[in-house]
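Heads up: the structure comes next, in structure tokens.
Laboratory data are not the source of any read-out in this text; all were calculated from the coordinates shown. All of these numbers come straight from a predicted model, not from anything done at the bench. Cβ placement follows ideal geometry from the backbone for every residue including glycine, while neighbour counts extend to all protein chains displayed.
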């Protein structure tokens, strides 16, 4: 009665050693549908934009939906002030006292008109900065937050890099044209849209930039200042969320804004969008870009559009299965995908690709629900999001412990 279980144990040990040897040479090629993903180079229609550089960005994914010279470095005038504003919000406090320096008072128009030694709350200066685009307020803010304009510029460039900007260099907090040993002051349409996409997520930034009228006094109550919002697009376009205008003779008219309506969020950046007397070109170009986005893109769950059905299992070594007294040694384990959505704006010409990042093979034992890797999703080669790859079943390990358990089970059944 004991002879058969003993033979079974020896056969199990022999098979176990054989599978271990084979597993050293066995591997499953990875699934790399998106590994060589690159921009598809799709042609886009000419919208007849006045701007020399422009970007329409999907606010949810940060993907540029339409670009015109969007990576070209150019001066960007007072649109710079959105970065000055968000830095002050994040690094200062509303009731922080700021004092106007002699240097701040020398700023050219447009300016609030401070005198050296005038004191203000930071909150009030931010309204001056964003509603009327006062250059002296920008310098007072920079000196109060960074200690000097130069140190604040370092903060600006560090923040731009953190946000994901690829070709920006900031020297002044107000966007006035300047240059240093590195380059001139400027950014790209794509980077500027990216900065706005970051700023528009801050409630304080939105509150300030959406205010129509504001008044404040210096702390010594010597002067009262009346402000009105110069971003006319807020009243011109339903869905306009926030924005900032800019102009210098070198940069031309510039504009950056955020738009949100019907489940869509865009950020738009326009550089060199005309010179006097064409200050309304920026409104026309903004409308064209919004219309382009609305007409050509629909929001879809990218996981449903390309579920990567190829990736249905992963290689496994050292596994064993017993069903109805029949023993097998599976080489694969079934997997499933994280149950989540990723809504993206997609056009009918967009190409979705997927890459799998994780081990090419796993070793038993494995437990159902274990995270095995990640699927990364790309649109025209641009990364937009990911989801986890999970094990859909548990797998036992073919080891001494399993053999002993099977022996005892067989022995007890036969005894």
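Just need the relative contact order of segment 193-275 here, percent rounded to a whole number, with Cα pairs under 8 Å and 6+ apart.
Values: 126 pairs, mean separation 20.2, N = 83.
Reported as a whole number, the value is 24 percent.
Which value at 222 nm does the chain reach when only helices count, each DSSP H run of 4 or more adding -39,500 (n - 2.57), with the total divided by all residues and rounded to the nearest 500 deg cm²/dmol? Don't skip to the answer; put the middle values down first.
Details: 12 runs with 128 residues, N = 415.
One gets -9000 deg cm²/dmol as the mean residue ellipticity at 222 nm.
Sticking with the crude label model, points 7 Å out along Cα→Cβ, report the distance from residue 367 to residue 328 in nm, one decimal please.
Rounded to a tenth, the inter-label distance reads 2.5 nm.
Sequence gap at least 6, Cα distance under 8 Å: using those rules, report the relative contact order of segment 53-277 to the nearest whole percent. Show your work: numbers first, answer last.
Numbers: 505 pairs, mean separation 60.9, N = 225.
Once normalised by length, the contact order is 27 percent.
For segment 176-224, state the semi-axes of the equivalent ellipsoid (square roots of 5 times the eigenvalues of the alpha-carbon gyration tensor), sorted largest first and rounded to whole angstrom.
Each semi-axis is √(5λ); the values are 30, 21, 8 Å.
GNM on the chain, C-alpha springs below 10 Å: top fluctuator among 125, 65, 366?
In the Gaussian network model the winner is 366.
From the square roots a ≥ b ≥ c of the eigenvalues of the alpha-carbon gyration tensor of segment 253-375, which class results: rounded (a/c under 1.5), prolate (a/b over b/c), or oblate?
Since a/c reaches 1.5 and a/b is larger than b/c, the shape of segment 253-375 is classed as prolate.
Grab the Cα-Cα distance for residue 158 and residue 339, subtract it from 0.36 nm times how many residues apart they are, and report the gain in nm with one decimal.
Values: separation 181, 0.36 × 181 = 65.16 nm, distance 3.62 nm.
Stretched out fully, the residue 158 to residue 339 stretch lengthens by 61.5 nm.
Mind giving me the nanometre distance, one decimal, between the label points for residue 277 and residue 291, set 7 Å out from Cα along Cα→Cβ?
In this crude label model, residue 277 to residue 291 measures out at 2.5 nm.
What FRET efficiency would be calculated for the residue pair residue 215, residue 388, taking the C-beta separation as r and a Förster radius of 30 Å, to the nearest 0.05?
Details: r = 52 Å, r/R0 = 1.75.
Here the calculated transfer efficiency is 0.05.
Which of the peptides 264-277, 176-189 is most tightly packed, and how do the rest follow, judged by the mean count of other Cβ atoms within 10 Å per residue?
Working: 264-277: 23.2, 176-189: 17.9.
Packing proxy ranking, top to bottom: 264-277, 176-189.
Can you give the % of DSSP beta bridges in the chain that are antiparallel, to the nearest 5?
Around 95 percent of the beta bridges assigned by DSSP in the chain are antiparallel ones.
If one takes the longest principal axis of the Cα atoms in the chain, at what angle in degrees, from 0 to 90 and to the nearest 10, does the Cα axis of helix 135-146 lie?
Result, in degrees: 50.
Give the distance, in whole Å, between the Cα centre of segment 115-185 and the Cα centre of segment 257-318.
One Cα centre to the other: 29 Å.
Below 8 Å between Cα atoms, with a sequence gap of 6+, how large is the relative contact order for the chain in percent?
Rounded, it is 20 percent for the chain.
Of the labelled options (1) 151; (2) 201; (3) 185, which one gives volume of the Cα convex hull per residue in Å³ as computed for this structure?
(3)
Using r as the Cβ-Cβ distance of residue 116 and residue 71, and R0 as 41 Å, what FRET efficiency do you calculate, to the nearest 0.05? Provide the component values of the computation, followed by the final result.
Values: r = 42 Å, r/R0 = 1.01.
Once rounded, the FRET efficiency stands at 0.50.
What's the angle, to the nearest 10 degrees (0 to 90), between helix 149-163's Cα axis and the longest principal axis of the chain?
Computed tilt is about 30 degrees.
Rg/Rh for segment 53-277: what does it come to with C-alpha atoms and Rh from Kirkwood? It would help to have the intermediate numbers written out before the result.
On the way: Rg = 16.3 Å, Rh = 17.2 Å.
Here the Rg-to-Rh quotient is 0.95.
Give or take rounding to whole Å, what are the principal axis extents of the alpha carbon atoms in segment 227-270, in descending order?
The Cα atoms of segment 227-270 stretch 37, 23, 13 Å along their principal axes.
Which number do you get for Rg(Cα) / (2.2 N^0.38 Å) in segment 161-316? Could you put the intermediate results ahead of the total?
Values: Rg = 20.1 Å, N = 156, 2.2 N^0.38 = 15.0 Å.
That ratio works out to 1.34.
Computed FRET efficiency, Cβ-Cβ of residue 95 and residue 305, R0 45 Å: what is it to the nearest 0.05?
Numbers: r = 49 Å, r/R0 = 1.10.
Here the calculated transfer efficiency is 0.35.
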